[in-house]
Every structure is written in C-alpha cells, then in structure tokens.
1. Working out 0.36 nm times the residue gap between THR170 and VAL60, then minus their Cα-Cα distance, what length gain in nm do you get to one decimal?
2. Given points 7 Å out from each Cα along the Cα-Cβ axis, report the VAL29 to LYS15 separation in nanometres with one decimal.
3. Based solely on its DSSP helices, what 222 nm [θ] is calculated for the chain when runs of n ≥ 4 H residues each add -39,500 (n - 2.57) and the sum is averaged over all residues, nearest 500 deg cm²/dmol?
4. Leaving out ligands, DNA and RNA but keeping every protein chain, what accessible area does TYR136 have, in Å² rounded to the nearest 10, with a 1.4 Å probe?
5. Could you give log10 I(q)/I(0) at q = 0.08, 0.12, 0.15 Å⁻¹ for region 1-140, computed by the Debye formula over C-alpha point scatterers of equal weight, without solvent?
6. Mind ranking 87-97, 27-37 by how tightly packed they are, going by the mean number of other C-beta atoms within 10 angstrom, highest first?
7. With a 1.4 Å probe and all protein chains left in place, how much accessible area per residue does the chain have, in Å²?
8. So what's region 74-141 giving for Rg/Rh, alpha carbon basis, Kirkwood Rh from the mean inverse pair distance?
Amino acid sequence: MSTTTGGLDTAELTKVSTGGAVVGWVGTVVLGAGLGSLVSLDIVVLGISLFWLALTAGVVAYVAPATPASLGRNVVWRYWFVASVVGILVNIAAALLVTTDIAGGDPLEETAPMEFGVILPWLVIYAGGYLLPAAYNRTSGALNSAERSIYGAAGVVSLALAVVLATVPTAYPVMVLALAGLSLVPLLTLRYRGT
C-alpha cells in the first residue's frame, strides 16, 4: 500500500528491503562460489562487502525519494540504515586487516578478523534491529502484538547465535545460513499487516 501522499508505506519498504536482502544473499553465494577458488578468503570478504555496499546504496536510492518524511525519521528504519553501513564497513576493515598483513595467520578462517569481523557483527546488528521494533514505543499502533512478537523472537535468536559464535568461532558456516534465514524475518510480519 502507498501512503495517502503517494509514497511508500512500511509494508512496501519492508518488501523492498527484504527483496534487497534476497538479492544480496544470492549475490553473496555467487560471488563466494566464483571468487572462492580464485582468491583468498579476505579478498572474497572484501568483494562481497563491496557488493553489499553497492546494493545498500541502490536500495536507498530507490526508496528514498518515495519514502515519507515520517518513515525516514523513524528510529527503526534509521537504525537499520546506520547499522547496515557500519556492518559493511566492519566487514571491509576485517578483510583489509588480513589483506594488508596487519592481522594475518594461517588458516585465514581462524584469524581474529575473519572469526569476529564478518558474521558476528551482523548477528549483533540483527539482534538490535529486531529487538528495537519489538520494544520501541510499545504504545504505538504502528506494529501489532504479533509483529512485535516475531521481531522479539528473531532478536533473541540473533543475540543467542551471536553469543554462540563469539564463544565458538568455528561455527561460522552454520551461522551464515542462520543469518540468511534471519534476513527474511520481516516477510513473516507482513502476514499480520494484511498485505
């Protein structure tokens, strides 16, 4: 649904951002598979991070002109934008720390930047991103109780997975799959919006 002023509403923004996440994960798999046999893990992470940065910029460029000012000022949407950019920059920094031999080691997967600077930041970002709408402005009718419950559960799962990954860094392959699944949670909430 569009707003009465012709801009995008929350449901449409959710669909676009989740669509961007799907494109991002497909691109991640393609880039990971394509680059993985040609270059080292740090270069793969750098390439995937730059891809996500371009994708994020593209999604923002697409939705910004059609986003009502009230949604643009929304704390949750602002969190996701800022946290996503920070997460991408952390991933780029992690890759560069290894690429420039500031923090190297063998195997690359077991270096601190690769263990703690690639997937872990995103689990923390997702935890905050899902717990925020679950808890923020509970008196507002912008989200119903079912939506808040879904976001709250996804936030708790994200936080629990972050704790597991922080203590067992070798669990990152499973966490990549979990992160991909968590990125689709907003689609579940659309069912309760009647769209």
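The values are calculated or read from the model by the stated rules, or taken from the named source; none is laboratory data. This one's a predicted model, so the numbers in the text were calculated from it and none came from an experiment. All Cβ positions, glycine included, derive from the backbone under ideal geometry; neighbour counts span all protein chains shown. The protein model used for the area step is the full one, side chains on, heavy atoms only, and it has no ligands, DNA or RNA in it. Shrake-Rupley method; radii C 1.70, N 1.55, O 1.52, S 1.80 Å.
1. That pair, THR170 and VAL60, stretches by 36.2 nm at full extension.
2. A separation of 2.3 nm, rounded to one decimal place.
3. Rounded to the nearest 500, the figure is -23500 deg cm²/dmol.
4. Roughly 100 Å² of TYR136 is accessible to a 1.4 Å probe.
5. -0.27, -0.56, -0.80
6. The peptides rank, most packed first, as 87-97, 27-37.
7. Per residue, the chain has an accessible area of 51 Å².
8. 1.17
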